[in-house]
Amino acid sequence: MSFNIDQIELYHVRLRLKSKFQTSFGEEQDRECLLIRLLSDGEQGWGECVAGAEPGYSYETVGTAWHVLESFFIPALYQNDVRSPEGLHQALRAYRGHPLAKAGLEMAIWDLQGRLRGESFAALIGGAAARIPVGVSIGIQEKPEQMLERIAGYLAAGYRRIKIKIAPGADLDVLEEVRNAYPDLRLWVDANAAYSPDDSEIFKRLDTYQLELIEQPLYNDDLVEHAALQRTLSTDLCLDESIHHLRDARHAVELGSCRVINIKPGRVGGYLMACEIESFCRFKSVPVWCGGMLETGIGRAANLAIASRPGFSLPGDISASDRYYENDIAIPAFTLNEDSTIDVPRGPGLGVEVDLEYLEKATLKTGVFRRNSL
Ligand code: OSB
Ligand code: MG
């Protein structure tokens, strides 16, 4: 089904996180992101660009995403009369990089398409599962006791898989305590590229904690050093930052850089690419899971949909709304089931509505771009 997008709105929003989220690259108390609304034929579509306030995880920020959307992507969308996610990428093919901005726009098109057809995003992209196994990702804490407290809280809330952020100086001590307290916990660690191959002594120790995986220990753009490291470890490595495209996934598997891949639709430039990577990994029997970017309920709805494809065999970083925010911008809120799963939304499009009153309160800047005003 085709449609005519005639207005695009950008919202730079800021939401207070319930607790500070610290990683090896920085800390966030307020999550900033960009929400995108498309208007067409009396219907709307929402997307979330997961760029943040600072270029920490990615070089993109809310500011760079606003710039490329306003100056290049939105004009290209109108000029090429984009009417589908595939058409969007065709229209943007000359523009290198900025995957988070591209993915946000793609998400909004899927939502619009789903709403117009009365079909869920999950159905449109080949999802099958009705509920997604999930875990929680915990930021670096000042003291190991605080980490134990946070873990106890999330286990009590029903999460059955815990990922903790690590960095040099905040790794072995905390793991020692966590493993002593929870010998059987499904435990992952994520270094967000904080180590170098010189840290081989630390890796040897990390290898003794029965971790289910070690995420992105080395450089954010590396496949080769990860392959050398994987050969020395029995624990599975998982790549996040290094995988931007199907090609990277292919190279990582060929080189042996990892045995697991974290798929974040934003990082790979959208849902179509995320599906390609998932299909390839399924063919190669490489387990994948859906990563998170502290999304609002809009982005998390999309993550749940993609994670319902069959290759997503490990629990995602898709937690319940109350793990992130006091108030979420999307309704209804996502809640955790007793078996540490979250239901995939079934309504048309993303299956969530935006709380416009709350959106207005959370918005720092708005932009409106009409088709014929360009
Ligand atoms: O590396 O997985 C990451 C959040 C922001 C940037 C990078 C990462 C993360 C998370 C949070 O781990 C996962 C979530 O959204 O729950
Ligand atoms: Mg990660």
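Computed from the coordinates by the stated procedures, all read-outs in this text should not be read as laboratory data. Bear in mind that the values here come from a model prediction, so they are computed numbers and not experimental data. Quick reminder, even Gly has a Cβ in these numbers, built from the backbone with ideal geometry, and neighbours come from all protein chains shown.
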- request: Could you give the spread of the C-alpha atoms of the range 55-129 along their three principal axes, from largest to smallest, in whole angstroms?
  value: 34, 31, 17
statement: Note on the chain: the mean projected area of its alpha-carbon convex hull, in nm², is 16.9
message: Suppose we look only past 22 Å in the calculated P(r) of the range 123-343. What percent of the Cα-Cα pairs does that tail hold?
response: 49
field: Mean Cβ neighbour count within 10 Å, used as a protection proxy, ranking 140-148, 218-226 highest first
entry: 218-226, 140-148
- request: Would you mind putting 94-106, 50-62 in packing order, based on average other-beta-carbon counts within 10 Å, highest first?
  value: 94-106, 50-62
field: Spatially close lysines, pair count over the chain: Cα under 22 Å, gap of eight or more or interchain
entry: 18
task: Among DSSP beta bridges lying fully in the range 123-343, give the percent that are antiparallel, nearest 5.
output: 15
task: With a bin width of 5 angstrom, please list the P(r) values of the range 248-374 as percents of all Cα-Cα pairs, from the 0 bin to the one holding the largest distance.
output: 2, 10, 18, 19, 17, 13, 9, 7, 4, 1, 0
field: Relative packing of peptides 304-315, 360-371, 21-32 - highest average C-beta neighbours within 10 Å first
entry: 304-315, 21-32, 360-371
- prompt: For the range 36-177, rounded, prolate or oblate, judged on the Cα gyration tensor with a ≥ b ≥ c (square roots of eigenvalues), a/c < 1.5 rounded, else prolate if a/b > b/c?
  reply: oblate
field: the chain: most fluctuating residue of ARG93, ARG160, ARG186 per GNM, C-alpha cutoff 10 Å
entry: ARG93
query: Per the Debye formula with a single identical scatterer at each Cα and no solvent contribution, what log10 I(q)/I(0) holds for the range 9-101 at q = 0.15, 0.23, 0.24, 0.25 Å⁻¹?
result: -0.64, -1.20, -1.27, -1.34
message: Could you check the spin-label model distance between ASP339 and GLU326? Points 7 Å from the Cα along Cα→Cβ, value in nm.
response: 3.5
query: Please state the relative contact order of the chain as a whole percent: Cα pairs under 8 Å, 6+ residues apart?
result: 22
- prompt: For the Cα atoms of the chain, what angle does the longest principal axis make with the long axis of helix 271-283, in degrees from 0 to 90, nearest 10?
  reply: 40
query: Hey, quick one: spin label on THR232, modelled 7 Å out along Cα-Cβ, who in the range 140-178 has an amide N within reach, i.e. under 18 Å?
result: 167-169, 171-172
query: Which FRET efficiency value, to the nearest 0.05, do you get for ASP30 and SER285 by plugging their Cβ-Cβ distance into 1/(1 + (r/R0)^6) with R0 = 45 Å?
result: 0.65
- request: Name the most mobile residue of TYR209, TYR182, TYR325, meaning the one with the largest mean-square fluctuation, in a Gaussian network model of the chain with Cα contacts below 10 Å.
  value: TYR182
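For the chain, what is the percent of antiparallel DSSP beta bridges, rounded to the nearest 5?
Roughly 60 percent of the beta bridges in the chain run antiparallel, per DSSP.
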query: Binned at 5 Å from 0, what are the whole-percent values of the Cα-Cα distance distribution for the range 176-223, short to long?
result: 5, 20, 28, 24, 15, 7, 2
